[in-house]
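Let me begin by presenting the structure, written as structure tokens, before commenting on it.
The values are calculated or read from the model by the stated rules, or taken from the named source; none is laboratory data. This structure is a prediction, so every number in the text was calculated from the model and none was measured. Glycine also receives a Cβ, built like all others from the backbone with ideal geometry; neighbour counts cover every protein chain displayed.
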Ligand SMILES: C[S@@+](CC[C@H](N)C(=O)[O-])C[C@H]1O[C@@H](n2cnc3c(N)ncnc32)[C@H](O)[C@@H]1O
């Protein structure tokens, strides 16, 4: 069976996400601020960053802007998303853009041979398309890819603990989407935003897991300072540090 996450390879979903959804994500600036703060503390001098499921590269760029000597690897399996990342990072010389599917173990062979370990690995709203078994395997792979002292940060869509809480997340997100549509003057009604939210093509590809469970996996793997650093309903920033030996 074809996995549902391939919807991300279409230009249509790429455009919808980049122009109509990314700018509406609640606490987006705070998520990036906390991410940068954690990176700064774990690794004051970053030399390499991997942004996995990079989309247009918003997260990796935020790290590169602060660590101007660092090299960035931006990886995604969507050609239109990689094109958007190239365009966003136009003028950044220390970047590489790689088309790979991290759902398959062979993704590791797709990394540049001269850049196969990293100080920072970030991922945004992407890994939740993988089954839990693969999520755990990926976290092990990240641990192995990190340099001692390096940090992994996952800004992720996670599971609610009850349908009641799930509804609260949906209300929040639809309010944020509607406010964003008004801000950009799209003319979309609340009902249209609501209908699009519930029929969005990537919804079927979601395999959400509770953040606490995912933090436990990271601790079992050996990550330190594991926590959920920021959370608003189903949007969580979590991760951990690989301590220097
Ligand atoms: C919701 S977008 C998030 C983009 C960006 N990280 C952000 O924070 O805005 C999810 C991204 O993950 C990518 N993606 C999903 N599954 C993937 C896979 N198995 N391998 C590589 N990229 C994947 C999609 O193509 C898409 O660009």
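The table below gives the values:
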quantity: For residue 133: the one exception among (1) within 15 Å of the ligand (Cβ to nearest atom); (2) within 24 Å of residue 230 (Cα to Cα); calculated: (2)
quantity: Close pairs (9 angstrom Cβ cut-off, 6 or more residues apart or separate chains): over 18 Å from residue 54 (Cβ atoms) and free of Cβ contacts under 8 Å to residues at least 40 places away in the same chain in region 105-120, within 16 Å of the ligand (Cβ to nearest atom) and part of a helix (DSSP H, G or I) anywhere; calculated: 105/134; 105/137; 105/141
quantity: Filter result (within 12 Å of the ligand (Cβ to nearest atom) and part of a loop (DSSP other than H, G, I, E, B)) within region 97-116; calculated: 100, 101, 102, 103, 104
quantity: Test result for residue 244, outside any helix (DSSP H, G or I), closer than 30 Å to residue 147 by Cβ and at pLDDT below 95; calculated: yes
quantity: Residue tally, condition surrounded by fewer than 17 Cβ atoms within 10 Å (Cβ to Cβ) and within 11 Å of the ligand (Cβ to nearest atom), over region 1-45; calculated: 9
quantity: Residue ID - nearest to residue 37 (Cα to Cα), chosen from residues in region 54-83 that are part of a strand (DSSP E or B) and near the ligand (Cβ under 8 Å from one of its atoms); calculated: 75
quantity: Enumeration of residues in region 141-162 that are within 16 Å of the ligand (Cβ to nearest atom) and either in a helix (DSSP H, G or I) or more than 19 Å from the chain's Cα centre (by Cα) (or both); calculated: 141, 142, 145
quantity: Output for region 206-224, where each listed residue is surrounded by 16 or more Cβ atoms within 10 Å (Cβ to Cβ) and either more than 15 Å from residue 158 (Cβ to Cβ) or touching a strand residue (DSSP E or B) at 6+ places or on another chain (Cβ under 7 Å) (or both); calculated: 211, 214, 215, 218, 221, 223
quantity: All helices (runs of 4 or more DSSP H) inside region 163-222 with 1 or more residues being closer than 12 Å to residue 21 by Cβ and in contact with a helix residue (DSSP H, G or I) (Cβ under 8 Å, 6 or more places away or on another chain); calculated: 163-183, 190-198
quantity: Which numbered condition residue 80 fails, given (1) without any contact (Cβ under 8 Å) to a residue 40 or more places away in the chain; (2) touching a helix residue (DSSP H, G or I) at 6+ places or on another chain (Cβ under 9 Å); calculated: (1)
